[in-house]
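Structure first, then comments.
The values are calculated or read from the model by the stated rules, or taken from the named source; none is laboratory data. This structure is a prediction, so every number in the text was calculated from the model and none was measured. Heads up, the Cβs are rebuilt from the backbone with ideal geometry, glycines too, and the neighbour counts pull from every protein chain shown. The area values use the complete protein model at the heavy-atom level, side chains included, leaving out ligands, DNA and RNA. Shrake-Rupley method; radii C 1.70, N 1.55, O 1.52, S 1.80 Å.
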Amino acid sequence: MAVNLERYRSGSLGRLYTWFAIIAALVVFSGFARSYFLKDFFGTPALPGLVHFHGLVMSSWFLLLVVQTQLVEAHRVDVHRRLGIGGAVLALVVVVVGVITAISAARRGVSHGAPPLVFLAIPLGDMLVFSVLVSLGLFFRRRSPASHKRLMLLASLGILNAAFARLPLGFIQSVGPLAFFGLTDLCVLTCVAIDTVRHRRLHPAFGWGAAFIIATHPLRLLLAGTPAWMQFATWLTG
């Protein structure tokens, strides 16, 4: 009975990560439906090739996240680890393409509610958060699987800002960064809270990882627009 109960708990906790991976993928699809996934139905402007490639890379990452969490839930850790090698390469591509796309958008004068060079702090901050958490997740891949799965999930939840910002909801468009940062934080904290209640303790990877994501949000707002940032952004896009 004890073994069966442990398997039940393990499966229940595994479903937590699967459900949040699916939620993240749905947020991405909903946020970018008009401008990317279903753009032909909405008649939105054509996108540069780089943006299409960026969309493909990011979509692949969130699809992989769903597959990987389901593999763990199904106890197919062997397949999960083999896919993880490709996932590490894909994570690197996500960062490189994400940074290039953000810089390119700033050069073209494209932003979301703020001057392009000021807004650049937000997507570049996302790539910093993602790269740090994924790197730590890969570091703990064999040392601590419990930390690994939490860090990889947080890395994905932490870059939902862009998708939340594009949801066709009036309050997001009127409030701006505080709204989409807040929704990202709510998603992160909900996941952490459920995990903490079920385990009856806050896992360090979730504690430090969530704190890192949330702390970067006001820091980006404080940094963007400062003379130092503007000088750096001008150099970066020059």
Of these, ILE85, ILE103, ILE23, which one is closer than 20 Å to LEU133 by Cβ, surrounded by 13 or more Cβ atoms within 10 Å (Cβ to Cβ) and either modelled with pLDDT of 95 or more or β-branched (Val, Ile, Thr) (or both)?
ILE23
On the basis of being in contact (Cβ under 8 Å) with a residue 40 or more places away in the chain, surrounded by fewer than 21 Cβ atoms within 10 Å (Cβ to Cβ) and hydroxyl-bearing (Ser, Thr, Tyr), does SER111 make the cut?
no
Flagged pairs (Cβ under 7 angstrom, 6 or more apart or on separate chains; first in segment 118-146, on the phi < 0 side of the Ramachandran plot; second of a type in the set (S, T, N, Q) and open to solvent by 40 Å² or more (accessible area, probe 1.4 Å)) are PHE119/SER111
May I ask you to list the residues in segment 163-218 that are touching a residue at least 60 places away in the same chain (Cβ under 8 Å), over 20 Å from THR18 (Cα atoms) and surrounded by fewer than 14 Cβ atoms within 10 Å (Cβ to Cβ)?
PRO168
Keeping to segment 53-80, report how many residues are more than 23 Å from GLY125 (Cβ to Cβ), without any contact (Cβ under 8 Å) to a residue 12 or more places away in the chain and not β-branched (Val, Ile, Thr).
4
Qualifying position, being modelled with pLDDT of 95 or more and of a type in the set (Lys, Arg), among ARG141, ARG166, ARG150
ARG150
Hey, can you tell me all the residues within segment 132-165 that are under 26 Å from HIS112 (Cα atoms), part of a loop (DSSP other than H, G, I, E, B) and of a type in the set (A, V, I, L, M, F, W, C)?
ILE159, LEU160
Sole residue being among the hydroxyl-bearing types (Ser, Thr, Tyr) and within 17 Å of PHE32 (Cα to Cα), chosen from SER104, SER131, SER60
SER60
